[in-house]
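Here, each number is a calculation from the coordinates, and none is a lab measurement. Note that the structure is predicted; figures quoted are calculated from it, not measured. Cβ coordinates were reconstructed from backbone atoms using ideal geometry, including for glycine residues, and neighbour counts include every protein chain displayed.
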């Protein structure tokens, strides 16, 4: 009896202890300790931060209720709540609908098309795009064509190999990635074409190449080529423009393009630009005001079998202008703001949720990110955490001109992550807009923002001079007038002395 | 009485030689000739100028506005930093002396040191005011700062050439040639020093490993 009492007492104590233990151990798991999300500071030191994005789920054929798993899926497109996935290996396109925060429902599987066309099957489709007016464009790579279908998959037209003289007719036409603009012009990246993207008018005629990058070479290369023999020259890399890997048309109609054709040396020298934002003329207008160029990782340590710079394989841009680049080497996602500041980087290679095997495409649905993993035959959905949402909020508030609110929001971000440079700069900018220059300067100085510090300091100095103008005049008078007066007095005294002496002598 | 008078004289001489630096930097050819030949400079003043230069270099790190100089404090070792100025200076003097004695330079080592030190005078003078100046200008007005910084270095370089010319009684072209040669001599000395230290450490490591081996066998 007693024994039992003691036993139950022990059990009770243990339970209470465990309960207390769990209660006292409550500590916000913001992901900081995992080192999953990070950023670089001014000195390019890696600073781990709380997670800006957390995984909602990883979706394979099982979760989606597909009979056949994804096989080497390469392309993805989002229009509203609808997600299209190009299941390249299975020659089909899977259309999914997001029905709730973490559930996707299968709408249809596209593997046949209808209408007046000879080949009605798809062969290795690599990309898909659903235009605003309800047409579906498919990169039917195996068949060498870009299909335009209506909502019911009826064949409308196709874009084929350009017959233009500028287009090399000897190679096969292998359209790989595409985007369609508001009036139905198609931008296509095709394999083995290095003159830029192929641009079609809406009626299917070839409208020329778009966004070809300038050929870059330095004078040492040139010198080498001058002295090399013909055979050596042939063996050397020729100066050709880079081929693009993927593209994304953002809300403003500019085309984000990325290329994996970069070298470590080129990135260090700043000549290679893996991410570009092209205007109508195909000129790169990407803003790079951050501490580092928009190149993904800035350290490429050879660890875990991965080496070399980040290879950006896809880009997506949110409606607020923030864009995300996907690195296929280390499976990382880099978020940049419109000024080219790295907001955060996260991800990695591995088997856990939020890690990838071979990420190939990134898309966004609202502010959620969707990353397609071709080796893992799955896609992962990320949603912003409180920290990530606050950063968005602060940036958006600043962009619409609500500087006070932006400052407060940045304060909240700073409370969550005291190492976040952009929070300090954000607070400083808000303070500067409020005319609180001195305090703004301390924030800029803390994070080495020379540009903004200069702006604040200029105003502060102006105010200071205006306030102390009286004092400065007084000091100036003391500096110039007083010595002058003293000199004059001395002179007069001297004259009197001389006169007295003369008088005495006489 | 005599002692204090002598003391006063010494101080007087020291301050006179120190003040003479101002004459030297404005009249380099004449100034450097008199510095060594008319005994108008002193090693004490030379040391003072070197110490001032070191002080200004360190003050520059701390007090220059971060607009112009961003210091990664975690990476600064004050002793290494001082050595990074003194070591090349010593190497330069020794290297220059070593070369010029072989090619009928007239200067003694102490004279070369004194001349180099006096030639450094504009650096602390200008840089001190640049530290103050940097704190009242913005990014856009930075051109003035960079100009003055370049001026201080250019002036020093010009003075060093004049000093070497006057001390060794060389022509201008010969002076420049020997200053360039001095840099090679400095590199050779650095190489020899590195060789020496690496050999020594390897030698020591060798004996340590032998002792370890013996202890292991016993």
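Miscellaneous remarks
- Its residues counted as N, segment A:349-395 yields a C-alpha radius of gyration over 2.2 N^0.38 Å of 1.28.
- Test item: A:441-451 mean partner chain Cβ contacts at 10 Å: 2
- Theoretical FRET efficiency, 1/(1+(r/R0)^6), r = Cβ-Cβ of residue A:227 and residue B:180, R0 45 Å, to 0.05: 0.95
- Cα gyration tensor shape of chain A, rounded if a/c is under 1.5, else prolate or oblate by comparing a/b with b/c: oblate
- Enclosed volume per residue, in Å³, of the convex hull spanned by Cα atoms of segment B:2-193: 154 Å³
- With helices as the sole contributors, chain B gives -28500 deg cm²/dmol at 222 nm; each DSSP H run of n ≥ 4 counts as -39500 (n - 2.57), and the sum is divided by every residue.
- Mean per-residue shielding of peptide B:137-143 is 4, counting Cβ atoms of other chains within 10 Å of each Cβ.
- Overall form of segment A:278-380 per C-alpha gyration tensor (a/c, 1.5; a/b vs b/c): oblate
- Note that segment A:170-230, at 37 °C in a medium of 0.692 mPa s, gets a Stokes-Einstein diffusion coefficient of 237 µm²/s from its Kirkwood radius over C-alpha pairs.
- Equivalent ellipsoid semi-axes - Cα gyration tensor, segment A:404-467, angstrom: 22, 12, 7
- Shape call, segment A:132-193: gyration tensor on alpha carbons, a/c limit 1.5: prolate
- Reported to the nearest whole Å, the Cα centre-to-centre distance from segment B:126-198 to segment A:121-176 is 65.
- In terms of packing, defined here as the mean over residues of other Cβ atoms within 10 angstrom, the peptides B:12-19, B:199-206 line up highest first as B:12-19, B:199-206.
- Cα-Cα separations in segment A:321-441 greater than 19 Å, expressed as whole percent: 52 percent
- With 5 Å bins from 0: P(r) over segment A:360-506, alpha-carbon pairs, percent: 2, 9, 11, 10, 9, 8, 7, 7, 6, 5, 4, 3, 4, 3, 3, 3, 2, 2, 1, 1, 1, 1, 0, 0, 0
- Between segment A:333-367 and segment A:389-463, the alpha-carbon center distance in angstrom: 26 Å
- The GNM of chain B, with springs linking C-alpha atoms under 10 angstrom apart, assigns the highest mean-square fluctuation among B:156, B:94, B:136 to B:136.
- Packing around the peptides A:415-427, A:94-106, taken as the average count of other Cβ atoms within 10 Å per residue, puts them in this order, highest first: A:415-427, A:94-106.
- Distance from segment A:180-212 to segment A:289-330 (C-alpha centre basis), Å: 26 Å
- Packing-based exposure ordering (other Cβ within 10 Å, fewest first) of A:346, A:254: A:254, A:346
- When all alpha carbon pairs of segment A:230-321 are counted in 5 Å bins from zero, the resulting P(r) reads 3, 12, 20, 22, 18, 12, 8, 4, 1, 1, 0 %.
- Taking B:178, B:207, B:147 as the candidate residues, the one with maximal mean-square fluctuation in a Gaussian network model of chain B, Cα springs under 10 Å, is B:207.
- Helical content of chain A, expressed as a calculated mean residue ellipticity at 222 nm, amounts to -10000 deg cm²/dmol (DSSP H runs of 4 or more residues, -39,500 (n - 2.57) each, divided by residue number, nearest 500).
- The mean number of partner chain beta-carbon atoms within 10 angstrom of a residue's beta-carbon across peptide B:72-82 is 1.
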